[in-house]
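Input: a single structure, listed below in structure tokens.
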Amino acid sequence: MTGWTREQIAQRAAVDLNDGMYVNLGIGIPTLIPDFLPNDVEVIIHAENGILGVGTYPDEADIDPDLINAGKETVSVKRGASFFDSATSFSMIRGGRMDLAVLGAFQVSAGGDLANWAVPGKLIKGMGGAMDLVAGAARVLVLMEHMNRSGEPKIVVECSLPLTGRNVVDRIITDLAVIDVTDQGLRVVEFAPGVDAHMLRSRTGAPLIIDGR
Amino acid sequence: MDKVSSSAADAVADIGTGASLAVGGFGWCGVPTVLIEAIRDAGATDLEVVSNNCGADGWGLAILLAERRISRVVASFFGDNREFARQYLQGELEVEITPQGTLAERLRAAGAGIPGFFTPTGVGTLVEQGGLVWRFDHEGNAAVVSPAKPVRTFVRAGKAQQFLLEEALPTDFAIVRAALGDRHGNLVFHASAKNFNPLAAMAGRITIAEVERLVEPGEIDPDLVHLPGIFVDRIVELTPEQVAAKQIEKRMVKGMVKR
């Protein structure tokens, strides 16, 4: 077995979450992260539509049409939760209080540019809160497949797709590796099982620093 | 003082053709559906709507879209709305695509008397550079695109950083949904149905709130008022049937597999 599954990517990402952190989780793989948090790590999950302290999906009897996450799904809240309006919600993001935003991507560049909201020629759905999140969160973590469905690298020298933010990504976790965006370039922190430097470089569209080289 | 209107129809009677409307709600949550239906019934057209989303097929603002009563929308996300996409792509609807937090702040700023503000959101993207397609022509070419935005450098946390200028978004009217309201217009929202409602209410020159429960002034603890009545001009009390008509877009229960 080469590389990580979606669940294993989430499991690896969960290691980066510490007790007491405020975290915004985007749709897709990031929503799997809470399942992999140890019991002694209490993380407050933010939903940009106005919740701190998002819990699991609710019991049938507790479903409330007025209580949804940013993906429009019914949710529950944890003890100590709070509700607020959308301006307050984005104030805590832009104001730098959100410790971490975890989201997916179409492309990430060597300089940490992120493209995850629009593909020319395809119908634009709007960026929602993604541009605010990456501009404001203290740290931005991208979880994605290393290559797109056409087999092209998603980590590139310069994004060809419209940007969500420029120089905003701190770390990328893919099915193949954990890669940090540094001032010197993309630095490989960890390989997924069965992945080596040669293979990773052949599937990445930008230079990688591996073991300092 | 009594801001209660005799009916939803009465409350929206002066919303005329060409009016701009700030509308509360996120997805299907906290949407003033009864006032939207009243506007549809009243017949105003060529409306400009400011709302995070624009309803879904057959629900919320989509019922105004379906009748081609909206000519321009300011929104952050409009996936999952086929009629919206069709009208946008065929040049029938102008869409000002705006980041969600910027949209919220533009409404808040309008209500707060602040004509514009600098934000880091969108710096280095098409939001700053311009070129987002607001309107297509009937052949599918870009007819109106967003302008470039002024950029300034400020020092924040000891670091020089770029910010772009966004302008406030005042509207002629605002329509919002609240869980609880009194005759003075004080409002209380429930859970995540608060979302854009207080901000839309602040941005409207005339603000109309539909409330799921109406009480007398004094019955809401002043400590617990979410939006002071000064921002609300008219109140419409919903019937139990109208309250019960609330819908859920993605009904998830414990144990379901996450997507």
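A quick yes/no check of all residues on (1) in contact (Cβ under 8 Å) with a residue 40 or more places away in the chain; (2) more than 13 Å from B:Ile175 (Cβ to Cβ):
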position: B:Ile39; (1), (2): yes, no
position: B:Ala44; (1), (2): no, no
position: B:Leu61; (1), (2): no, no
position: B:Val74; (1), (2): yes, yes
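Regarding A:Ile9, is this residue among the hydrophobic types (A, V, I, L, M, F, W, C) and touching a Lys or Arg at 6+ places or on another chain (Cβ under 6 Å)?
On the way: among the hydrophobic types (A, V, I, L, M, F, W, C): yes; touching a Lys or Arg at 6+ places or on another chain (Cβ under 6 Å): no.
No: the conditions fail for A:Ile9.
In the stretch A:154-167, is there at least one residue being part of a strand (DSSP E or B), at pLDDT 95 or above, more than 14 Å from chain B (Cβ to nearest Cβ) and on the phi < 0 side of the Ramachandran plot?
yes
Please pick out the residue among B:Gly43, B:Gly27 that is small (Gly, Ala, Ser) and open to solvent by less than 40 Å² (accessible area, probe 1.4 Å). Even if it seems obvious, please write down each step before you answer.
Details: B:Gly43 fails: open to solvent by less than 40 Å² (accessible area, probe 1.4 Å).
Result of the check over B:Gly43, B:Gly27: B:Gly27.
Out of contact with any Cys (no Cβ under 6 Å at 6 or more places or on another chain) and under 30 Å from A:Ile33 (Cβ atoms): does that describe B:His190? Step through it out loud before you land on a result.
Values: out of contact with any Cys (no Cβ under 6 Å at 6 or more places or on another chain): yes; under 30 Å from A:Ile33 (Cβ atoms): yes.
Answer is yes for this residue.
Would the stretch A:91-100 turn up any residue that is within 11 Å of chain B (Cβ to nearest Cβ) and polar (S, T, N, Q)?
Looking through the stretch A:91-100, at least one residue is within 11 Å of chain B (Cβ to nearest Cβ) and polar (S, T, N, Q).
Before we move on, is B:Val4 touching a residue at least 24 places away in the same chain (Cβ under 8 Å), open to solvent by 40 Å² or more (accessible area, probe 1.4 Å), closer than 16 Å to B:Leu187 by Cβ and of a type outside the set (Ser, Thr, Tyr)? Full working, then the answer.
Details: touching a residue at least 24 places away in the same chain (Cβ under 8 Å): yes; open to solvent by 40 Å² or more (accessible area, probe 1.4 Å): yes; closer than 16 Å to B:Leu187 by Cβ: yes; of a type outside the set (Ser, Thr, Tyr): yes.
Here the answer is yes, as B:Val4 does meet what is asked.
Could you grab the pairs with beta carbons closer than 6 Å, sequence gap of 6+ or different chains, first residue in the stretch A:50-62 and more than 9 Å from chain B (Cβ to nearest Cβ), second one in a loop (DSSP other than H, G, I, E, B)?
A:Val54/A:Asn69; A:Val54/A:Val75; A:Gly55/A:Ser76
Just give me the residues in the stretch A:38-49 being part of a loop (DSSP other than H, G, I, E, B), surrounded by 17 or more Cβ atoms within 10 Å (Cβ to Cβ) and away from chain B (no Cβ under 14 Å), in sequence order.
Going through the stretch A:38-49, the residues part of a loop (DSSP other than H, G, I, E, B) turn out to be A:38-43, A:48-49.
Then drop every residue that is not surrounded by 17 or more Cβ atoms within 10 Å (Cβ to Cβ), which leaves A:43, A:48-49.
Listed by number, the list holds a single entry, A:Val43.
I'd like to know if the stretch B:168-180 contains one or more residues that are modelled with pLDDT of 95 or more, surrounded by fewer than 20 Cβ atoms within 10 Å (Cβ to Cβ) and in contact with a helix residue (DSSP H, G or I) (Cβ under 6 Å, 6 or more places away or on another chain). Lay out the reasoning, then the answer.
First, pick out the residues of the stretch B:168-180 that are modelled with pLDDT of 95 or more: B:168-180.
Going one step further and asking which of them are surrounded by fewer than 20 Cβ atoms within 10 Å (Cβ to Cβ), we end up with B:168, B:172, B:179-180.
Pick out the ones that are also in contact with a helix residue (DSSP H, G or I) (Cβ under 6 Å, 6 or more places away or on another chain) and you get B:168.
Scanning the stretch B:168-180 turns up at least one residue that is modelled with pLDDT of 95 or more, surrounded by fewer than 20 Cβ atoms within 10 Å (Cβ to Cβ) and in contact with a helix residue (DSSP H, G or I) (Cβ under 6 Å, 6 or more places away or on another chain).
Would you point out the residue of the stretch B:79-123, among those that are over 30 Å from A:Met92 (Cβ atoms) and of a type in the set (A, V, I, L, M, F, W, C), that is farthest from the other protein chains (Cβ to nearest Cβ)?
First, pick out the residues of the stretch B:79-123 that are over 30 Å from A:Met92 (Cβ atoms): B:82-83, B:85-94.
Now narrow it down to the ones that are of a type in the set (A, V, I, L, M, F, W, C): B:85, B:89, B:93.
Working: B:Ala85: 5, B:Leu89: 7, B:Leu93: 13 Å.
Here the residue is B:Leu93.
Is there a residue being part of a strand (DSSP E or B) and of a type outside the set (S, T, N, Q) anywhere in the stretch B:189-202? Steps first, answer last, please.
Let us first name the residues in the stretch B:189-202 that are part of a strand (DSSP E or B), namely none.
No, because not a single residue in the stretch B:189-202 is part of a strand (DSSP E or B) and of a type outside the set (S, T, N, Q).
Condition test on A:Asp66, is it part of a helix (DSSP H, G or I) and closer than 20 Å to B:Val253 by Cα?
Details: part of a helix (DSSP H, G or I): no; closer than 20 Å to B:Val253 by Cα: yes.
Judged against the criteria, A:Asp66 is not a match.
Residues being in contact (Cβ under 8 Å) with a residue 60 or more places away in the chain and surrounded by fewer than 19 Cβ atoms within 10 Å (Cβ to Cβ): count how many of those fall in the stretch A:7-21. If you could, list the steps in order and put the result at the bottom.
To start, the set of residues in the stretch A:7-21 that are in contact (Cβ under 8 Å) with a residue 60 or more places away in the chain comprises A:8-10, A:12-13, A:16-17, A:21.
This time we only want the ones that are surrounded by fewer than 19 Cβ atoms within 10 Å (Cβ to Cβ), so: A:8, A:16, A:21.
So the count comes out to 3.
Across the stretch B:37-60, which residue is nearest to the other protein chains (Cβ to nearest Cβ) among those that are modelled with pLDDT of 95 or more and touching a strand residue (DSSP E or B) at 6+ places or on another chain (Cβ under 7 Å)?
B:Asn52
The values are calculated or read from the model by the stated rules, or taken from the named source; none is laboratory data. Not measured: the values here are computed from a predicted model. In this analysis, Cβ positions are derived from the backbone assuming ideal geometry, glycine residues included, and neighbour counts consider all displayed protein chains. For the accessible areas, the whole protein counts, side chains as well, though only heavy atoms, and no ligand, DNA or RNA atoms are used. Shrake-Rupley method; radii C 1.70, N 1.55, O 1.52, S 1.80 Å.
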